[in-house]
Amino acid sequence: MLLCIDCGNTNTVFSIWDGEKFLCTFRTSTHHARTSDAYFTWFSTLLNHHRIEPDITDVIISSTVPRVVFNLRVFSDQYYGVRPYVVGKPDCLLPQQPRVDQGTTVGPDRIVNAAGAFDRHGGNLIVVDFGTATTFDVAGRDGAYVGGVIAPGVNLSLEALHMAAAALPHVDITKPQRVVGTNTVACMQSGIFWGYIGLIKEICARIKEERDQDMKIIATGGLAPLFAQTEDLFDVIEPDLTMHGLTVIHKYNKENDN
Ligand SMILES: Nc1ncnc2c1ncn2[C@@H]1O[C@H](COP(=O)(O)OP(=O)(O)O)[C@@H](O)[C@H]1O
Ligand SMILES: CC(C)(COP(=O)(O)O)[C@@H](O)C(=O)NCCC(=O)O
Ligand SMILES: [K+]
């Protein structure tokens, strides 16, 4: 069985793939100081709770936080005797090489999103990923990551208002009833919600225009359904897209004897 680990700047997600389906998905906050033993304590407790006894033979990791990779490698080695594939490292093969400026680093989550989306939908698409940052990851006709857009994440934007302005409270995002808010919280929610609707529409339209092609738009991340409520922004919403991409890259490595 394959353990897929997707480590974002806010949350780290573990999923076990049995070759046909994901058996379970567990989420914890990302902390670079978490030790291999702490990962195991957390993970094995949840597995016991759900009465899952996996036979983990392979591990693949995507991490947007470089510092956590060391402890995840130790975790994989100590507890499963497995050398993990780490997306973005030279010893993890990619089905398609990213086509970006020389010397630039691409977030591994974005490469994984492009691979996962290409596997399900073919080439020429935009993945909108609502994470700590909101990213637009563009995959070309052959499925390669060819670039994209990085915008501040939804919660990050709300937090920034709260941090910088003494009179603005911490608020959670929801769809406001009206555009014109009649209290502080409603005003802030309106700014972020409708601002994001505009941002998503404008960026996707401009990407399509720039590439002179119609492109499928796939959304992932917890907040995708919230924005899809109002308008037809996405062709499809796939919460497990990054995890699926990890299984695709793992399969590619196996098929190529890596
Ligand atoms: N279902 C959800 N509802 C509301 N907020 C969410 C949901 N899922 C994620 N978020 C928020 O989106 C932000 C990023 O989430 P996540 O996808 O875990 O980011 P990352 O992959 O960068 O770690 C967090 O601030 C989190 O609170
Ligand atoms: C853009 C990101 C911060 C998004 O990370 P996330 O929101 O998933 O935590 C991450 O993909 C990253 O650090 N990228 C490196 C720069 C790039 O992709 O061009
Ligand atoms: K992400």
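Using Cβ point charges alone (K and R +1, D and E -1), the dipole size of the stretch 2-86 about the Cα centre works out to roughly 300 debye. Contact order, relative form, for the chain: 17 percent (alpha carbon pairs under 8 Å, 6 or more residues apart, mean separation divided by residue count).
Between Lys254 and Thr105, the contour length at 0.36 nm per residue exceeds the Cα-Cα span by 51.2 nm. A simple charge model with +1 on the Cβ of Lys and Arg, -1 on the Cβ of Asp and Glu and nothing else charged puts the dipole of the chain at about 420 debye relative to its Cα centre.
With the whole protein complex present, Cys187 retains an accessible surface near 70 Å², based on a 1.4 Å probe.
Using the 1.4 Å probe convention, the accessible area of the chain works out to 51 Å² per residue with neighbouring protein chains retained.
The phi torsions of the stretch 96-109, fed into the Karplus equation with coefficients 6.51, -1.76 and 1.60 and a -60° offset, translate into couplings of 9, 6, x, 9, 9, 4, 4, x, 8, 9, 10, x, x, 4 Hz, rounded to whole numbers, with Gly and Pro shown as x.
Full extension of the chain between Arg27 and Asn183 gives 52.7 nm of extra length, using 0.36 nm per residue less the Cα-Cα distance.
If you sort Lys175, Lys208 by accessible surface, 1.4 Å probe, largest first, the order is Lys175, Lys208.
Over the stretch 119-242, what relative contact order in percent results from Cα pairs under 8 Å that are six or more residues apart? It rounds to 23 percent for the stretch 119-242.
Cβ-Cβ distance of His170 and Ala228, R₀ of 25 Å, FRET efficiency by 1/(1 + (r/R0)^6): the value works out to about 0.50. Relative to the longest principal axis of the Cα atoms of the chain, the long axis of helix 241-255 makes an angle of roughly 30 degrees. Subtracting the Cα-Cα distance of Glu53 and Val65 from 0.36 nm times their residue separation leaves 1.4 nm of extension gain.
Ligands, DNA and RNA left out, the 1.4 Å accessible surface of the stretch 155-215 is 55% carbon and sulfur atoms. Measure off 7 Å from each Cα along the Cα-to-Cβ vector at Met215 and Phe40, then give the distance between these two points in nanometres to one decimal. For the pair Met215/Phe40, the computed spacing is 4.4 nm. Computed over protein heavy atoms with a 1.4 angstrom probe, the accessible surface ordering of Tyr85, Tyr79, largest first, is Tyr79, Tyr85.
The values are calculated or read from the model by the stated rules, or taken from the named source; none is laboratory data. Just so you know, these numbers come straight off a predicted model, no measurement behind them. Note that each Cβ is placed from the backbone with ideal geometry, even for glycine, and that neighbours are counted across all protein chains shown. We work out accessible area using only protein heavy atoms, side chains counted, and drop any ligands, DNA or RNA first. Shrake-Rupley method; radii C 1.70, N 1.55, O 1.52, S 1.80 Å.
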